[in-house]
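The block underneath contains the structure these notes are about, expressed in structure tokens.
The values are calculated or read from the model by the stated rules, or taken from the named source; none is laboratory data. All values reported here derive from a predicted model rather than from experimental measurement. Counting neighbours? That spans all protein chains shown, and the Cβs are built from the backbone with ideal geometry, glycine included. The protein model used for the area step is the full one, side chains on, heavy atoms only, and it has no ligands, DNA or RNA in it. Shrake-Rupley method; radii C 1.70, N 1.55, O 1.52, S 1.80 Å.
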Amino acid sequence: MEKYRKILVPTDFSSGAEAAYAVAKQLAHKFAGKIDLMHVLPTGEYLRETLKKIPVAVDPDEDVIPDIVKETERKLNSVLEKIEEPIRGKIHIGKNRKASDSIIHYANGEGYDLIVMGSKGEDESFMKRGSTTLRILRNSKVPVLAIDKGTTAGDIKRILLPTDSSQLSLSALPHAVALAHAFGAEVALFYVMELHGGMTDDSDFKPETHQKEKIYEQLMSRLDYYLKDRKPEGIELKRSDKSFLDSLKAGKADAKKYIPLKTVVIAGNSVHYEIEKYADKNSDLVVMATHGHSGFAHLFLGSMTEKVVQNLPKPVMTTRPTEAEFDRAEKSSIGMVTYDPLP
């Protein structure tokens, strides 16, 4: 099971950014971790371009930046003081024209286990997520958890884990389990039987029970293979006598929990649309690997994950498979889920 010992919380001090604080605190308490805060300032060059519009001779390096840094330190320390001492880390001020680049570089270089941030900061646009958050969700090698304004740790009780049945998509499982362990949540493994040939939302077609059962058994086989091959610490699949309702043992000794694992198999024309539609009513958080069966190691974000991240009005977590995961998936002999042709 993943352990989040080093947690980075970027903030622009907006109400949207504040949404991440409480969730980060619960995770830090759960995993005996520390929370570090970060804010990114514009570079001196960027300030010079901006200050050219002011009809007064101003040197940003001497007249502006020192005061901005001092005020930023004050704000960061003010937020840090509200974090309990055992989980209180340090502050960091970055400088970059693009805040996302600075956050990604710092998180990767300092070996953080998790980035927790608000879905939106100062940019209160019509988009579900702000531009900085979107860029970090797309490009970060460190897992990113984006929290919507108004969401609290106590709200997260249903975690959705979409999969295309590939080993790369299942690489998000340890993170879903860790979050479920921390929040006392259940996990739903979600698979879409993609239809072709003009099926519409008004269609009354439903996959036959034996089709769903066949896919479910294949998913469990692939999940079991993933757990035995990767051996994520403290996670075991526990099958029940009821199809689609199993559990995952997570943690060890006194920290051991049995997390409900529900498998959902549906048919649809568009995978990302079905994920968004189901998640909107049946989940509090969606955890997704950035790559699946059609992913390539050096592309940042798979197209399906990209669409879900952009459009879903729910907290999301993205996690990029490691290079070792890409190598293992490439060499793995286990195939994708198959099912009978549908009308």
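Fully extended, how many nm does the chain gain between Ser240 and Arg88 (0.36 nm per residue separation, minus their Cα-Cα distance)?
So the extension gain works out to 50.6 nm.
When all C-alpha to C-alpha distances in the stretch 249-294 are sorted into bins of 5 Å, what percent of pairs does each bin hold, rounded to whole numbers?
5, 14, 18, 23, 16, 12, 8, 4, 1
To the nearest µm²/s, what D does Stokes-Einstein give for the stretch 87-184 at 20 °C and 1.002 mPa s, using the Kirkwood radius over alpha carbon pairs as Rh?
141 µm²/s
Run the simple label-point estimate for Ala324 and Ser78 please: 7 Å along Cα→C-beta, distance reported in nm.
4.4 nm
Provide the packing ranking of 162-172, 320-330, i.e. peptides ordered by the mean count of other C-beta atoms within 10 Å per residue, highest first.
162-172, 320-330
Rounded to the nearest 10 Å², what accessible area does His29 show when all protein chains are kept and the probe is 1.4 Å?
100 Å²
Go through the stretch 146-157 residue by residue and turn each phi into a ³J(HN,Hα) via Karplus (6.51, -1.76, 1.60, θ = phi - 60°); whole Hz please, and just put x for glycine and proline.
Taking θ as phi minus 60°, the curve returns 9, 9, 6, 4, x, 7, 10, 4, x, 7, 8, 10 Hz for the stretch 146-157.
Could you calculate the contour length gain from Lys249 to Lys331, that is, 0.36 nm times the residue separation minus the distance between their Cα atoms, to one decimal place in nm?
The Lys249-Lys331 span can extend by a further 26.8 nm.
On a full-extension model of 0.36 nm per residue, what is the gain between Ile68 and Gln211, subtracting their alpha-carbon distance, rounded to one decimal in nm? List each step's numbers first, then the result.
Details: separation 143, 0.36 × 143 = 51.48 nm, distance 6.15 nm.
Here the segment from Ile68 to Gln211 would lengthen by 45.3 nm.
Please report the accessible area of Ile104 (heavy atoms, 1.4 Å probe, ligands and nucleic acids excluded) in Å², nearest 10.
Result for Ile104: roughly 30 Å² accessible.
Using modelled amide H (1.01 Å from N, peptide plane; none on Pro or chain starts), what sits under 5 Å from the amide H of Ser332, excluding residues fewer than 5 places away?
none
Hey, if we sort Glu274, Glu73 by accessible area with the 1.4 Å probe, largest down, what's the order?
Working: Glu274 15, Glu73 80 Å².
Largest accessible area first, the list is Glu73, Glu274.
How large a share of the accessible area of the stretch 126-171, in percent, is made up of carbon and sulfur atoms when the probe is 1.4 Å and the other protein chains stay in place? Write down the numbers at each step before the final one.
On the way: 850 of 1570 Å².
After summing per-atom areas, the C and S share lands at 54 percent.
With the crude spin-label approximation of a point 7 Å out along Cα→Cβ, what separation in nm comes out for Lys256 versus Ala22?
If labels sit at Lys256 and Ala22, their model points lie 3.3 nm apart.
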